[in-house]
Amino acid sequence: MLVSDNLKDTIDYIPDFILCNTIQELVSDTAIFALHEKPPIYAISPLVLSPLGFTKSTVPTSLMTASDCSHWLNTKPQGSVLYISFGSFLPLEKSDIEEIAHWLVLSGVDFIWVLRRNAVSYKEPYVLPFELENKINKDKGLIVQWCNQVEVISNPAIGGLLPRCGWNSILESLRYSGAPLLCFPLRGYQITNRKLVVDDWRVGLNLCDRKPLTRLEVAEKIKRLMNTKSEGDELREQVIKVRQIVGNALAKDGSCEKNLDKFADLKAKIGERSI
């Protein structure tokens, strides 16, 4: 993520190096400057994007059984489905879940929504109230507890993403999907990440800043994101450009590999000094 200008003030000692789970070109204003500082900072990309990472691993990333969404997605037109997932780390408010359901009904878009039963609390399993779930047309929406995210967002039917703005999820989206993001951050670092997505890279829209919005307003933002003839299309063009930057950085001899090589060389020298 972003390298703080006062990073040295946040740690008790100066390390020999810092590894950063980002892509240098995406945070160049900060990262390139930091590369000339001591200790050196190496942007080597998140593990989820690495060819050596677990993205295509057969080892499951959750104890929950992943739903196969491919058949349902393959029945949908290209770019018509909104994918919603808020990860598994931070809990959601009941009111947020119910509001999202109302937004989806009003917007009329096709969607896949990853909604765990323990999304609110491990002590309080939660499902949508019957009256809300009953309003969701099963042909228009698919609600699952877990899925293979990379497989889903790589499907050409996906036309938009609604995340909480976790760092790995954002970069995973830019790597594997050509869809813009509708950012719904909850706290701290997610709000910083949202700024990158909306203001710096211009690959998404801001949903809200935890302030009240009418359901109609949110439904309209979803429609704007999914619209392929206006703002949504402009966002998709920018996503393609940023996706190319990410792909180049991860390619052989790209910045991530070069930074990893520099780190390996430095680590070897440090090891020699300690002998």
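Exactly one residue out of Leu216, Leu235 is closer than 24 Å to Phe86 by Cα, touching a Pro at 6+ places or on another chain (Cβ under 8 Å) and not in a loop (DSSP other than H, G, I, E, B): that is Leu235. Scanning segment 187-197 for residues that are buried (at least 18 other Cβ atoms within 10 Å of the Cβ) and either free of Cβ contacts under 8 Å to residues at least 60 places away in the same chain or in a loop (DSSP other than H, G, I, E, B) (or both) yields a count of 3. Filter segment 15-31 for residues that are modelled with pLDDT of 75 or more and either part of a loop (DSSP other than H, G, I, E, B) or more than 12 Å from Ile41 (Cα to Cα) (or both) and give the result. If the condition is that a residue be modelled with pLDDT of 75 or more and either part of a loop (DSSP other than H, G, I, E, B) or more than 12 Å from Ile41 (Cα to Cα) (or both), then Pro15, Asp16, Phe17, Asn21, Thr22, Ile23, Glu25, Leu26, Val27 are the ones that fit. Residues that are among the aliphatic types (A, V, I, L, M) and over 22 Å from the mean Cα position of the chain (by Cα) were ranked within segment 195-222; the one that is modelled with the lowest pLDDT is Leu213.
The values are calculated or read from the model by the stated rules, or taken from the named source; none is laboratory data. It should be emphasised that the depicted structure is a prediction, and the values quoted were computed from it without experimental measurement. Methodologically, a virtual Cβ is constructed for each residue, glycine included, from the backbone with ideal geometry; neighbour enumeration extends over all protein chains shown.
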